[in-house]
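*Asks:* Input: one structure, supplied below.
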């Protein structure tokens, strides 16, 4: 596959389009990002790397981190995790209170905010030093020791995260939050603030394209069964109420974040990340969605 030529065409065609979007200003620190940034990085399972644009500039991965916290919680809790959070697509906004009440405090899946807060509660219960331990886990997956929390973003989220606080208290009222609400939210806000660039994000998610193992096969973090389930949840729940649209247009397991990043995996083929801050009305990167659709269209390959 001629990925250098394909990525060149993707870059040129996306830049020629007038794709409208808005930066996520409800987190004030995210509003400071340059809306013109656009980068993409793809790594094949044979180790080849291809990239363009702002692929080396770090951004807040936001909800993309939910896949990583879910993966760790699956390792620590096993099937008990699914007693507290479901695995069904939400079909509603990612921060819906109404859905949580209708379903008696059991979040629809781990990749919406309520589900991720339950997962954060699980990790706070299991980890001796939750924030530090989780960050080290992400560094192990990625192979990049310089990945950090963006403390300004974490603080910005803490100061404006009223809806997340409402979700956490709601979960507590249903008995689905075992730790102190403020402690869980502090972990959750830090988790979402992790900053990576497209290259680092691809390296982190390569494990899900490579059967649960690092690219050099030096360590396997997940079994094939766990990897299958993580990819399945990304496929059905990774884009909130636009998951069906992403499956229809792109056809890969993936996850988006309101920082403008999207990461996707083609099992046994590659992992790819794209970053462009302006979001479409569903909260996903407008250019990112279009770029990944072009990628799978031009390669003629998806998981289907």
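The values are calculated or read from the model by the stated rules, or taken from the named source; none is laboratory data. Since we're looking at a predicted model, the values are computed, not measured. With ideal geometry, Cβ positions are generated from the backbone for all residues, glycine too; neighbour counts draw on all protein chains shown.
*Asks:* Considering only region 130-148, how many residues are surrounded by 20 or more Cβ atoms within 10 Å (Cβ to Cβ) and within 27 Å of residue 209 (Cβ to Cβ)?
*Replies:* Within region 130-148, the subset surrounded by 20 or more Cβ atoms within 10 Å (Cβ to Cβ) is 130, 134, 138, 141-142, 147.
From what is left, the residues that are within 27 Å of residue 209 (Cβ to Cβ) are 134, 138, 141-142, 147.
Of the residues in region 130-148, 5 are surrounded by 20 or more Cβ atoms within 10 Å (Cβ to Cβ) and within 27 Å of residue 209 (Cβ to Cβ).
*Asks:* Looking at region 80-91, can you tell me whether even one residue there is surrounded by fewer than 15 Cβ atoms within 10 Å (Cβ to Cβ), under 19 Å from the mean Cα position of the chain (by Cα) and either without any contact (Cβ under 8 Å) to a residue 24 or more places away in the chain or over 26 Å from residue 286 (Cβ atoms) (or both)?
*Replies:* Here is the first cut: in region 80-91, the residues surrounded by fewer than 15 Cβ atoms within 10 Å (Cβ to Cβ) are 80, 82-83, 88, 91.
Still in the running and under 19 Å from the mean Cα position of the chain (by Cα): 88, 91.
In the following step, the residues that additionally are either without any contact (Cβ under 8 Å) to a residue 24 or more places away in the chain or over 26 Å from residue 286 (Cβ atoms) (or both) were identified as 88.
Yes; the residues of region 80-91 include at least one that is surrounded by fewer than 15 Cβ atoms within 10 Å (Cβ to Cβ), under 19 Å from the mean Cα position of the chain (by Cα) and either without any contact (Cβ under 8 Å) to a residue 24 or more places away in the chain or over 26 Å from residue 286 (Cβ atoms) (or both).
*Asks:* Filter region 94-126 down to the residues that are more than 21 Å from residue 234 (Cα to Cα), in contact (Cβ under 8 Å) with a residue 24 or more places away in the chain and assigned to a loop (DSSP other than H, G, I, E, B) and list them by number.
*Replies:* 104, 105
*Asks:* Any residue at all in region 37-56 that is in the same structural domain as residue 261 (by TED's automatic domain parsing), crowded, with 22+ Cβ neighbours inside 10 Å, touching a residue at least 60 places away in the same chain (Cβ under 8 Å) and part of a loop (DSSP other than H, G, I, E, B)?
*Replies:* There is at least one residue in region 37-56 that is in the same structural domain as residue 261 (by TED's automatic domain parsing), crowded, with 22+ Cβ neighbours inside 10 Å, touching a residue at least 60 places away in the same chain (Cβ under 8 Å) and part of a loop (DSSP other than H, G, I, E, B).
*Asks:* Got a sec? Which of 212, 283 is in the same structural domain as residue 39 (by TED's automatic domain parsing) and under 26 Å from residue 22 (Cβ atoms)?
*Replies:* Residue meeting the stated conditions: 283.
*Asks:* Hey, another quick one. Condition first: part of a loop (DSSP other than H, G, I, E, B) and at pLDDT below 95. Can you find one or more residues in region 162-170 that meet it?
*Replies:* No; the residues of region 162-170 include none that is part of a loop (DSSP other than H, G, I, E, B) and at pLDDT below 95.
*Asks:* Sticking with this one: Only one of (1) assigned to a helix (DSSP H, G or I); (2) more than 24 Å from residue 55 (Cβ to Cβ); (3) in the same structural domain as residue 41 (by TED's automatic domain parsing) is not met by residue 206, so which one is it?
*Replies:* In the conditions (1) assigned to a helix (DSSP H, G or I); (2) more than 24 Å from residue 55 (Cβ to Cβ); (3) in the same structural domain as residue 41 (by TED's automatic domain parsing), residue 206 misses (2) alone.
*Asks:* Tally up the residues in region 5-28 that are part of a helix (DSSP H, G or I), touching a strand residue (DSSP E or B) at 6+ places or on another chain (Cβ under 8 Å) and either outside the structural domain of residue 214 (by TED's automatic domain parsing) or within 16 Å of residue 276 (Cα to Cα) (or both), please.
*Replies:* Of the residues in that region, 3 qualify.
*Asks:* Please go through region 270-299 and pick out each residue that is in a loop (DSSP other than H, G, I, E, B), touching a helix residue (DSSP H, G or I) at 6+ places or on another chain (Cβ under 7 Å) and modelled with pLDDT of 95 or more. Full working, then the answer.
*Replies:* In the first step, residues of region 270-299 are kept if they are in a loop (DSSP other than H, G, I, E, B); the result is 276-278, 280-284.
Then keep just the ones that are touching a helix residue (DSSP H, G or I) at 6+ places or on another chain (Cβ under 7 Å); that gives 276, 278, 280, 282-284.
Within region 270-299, 276, 278 meet the criteria.
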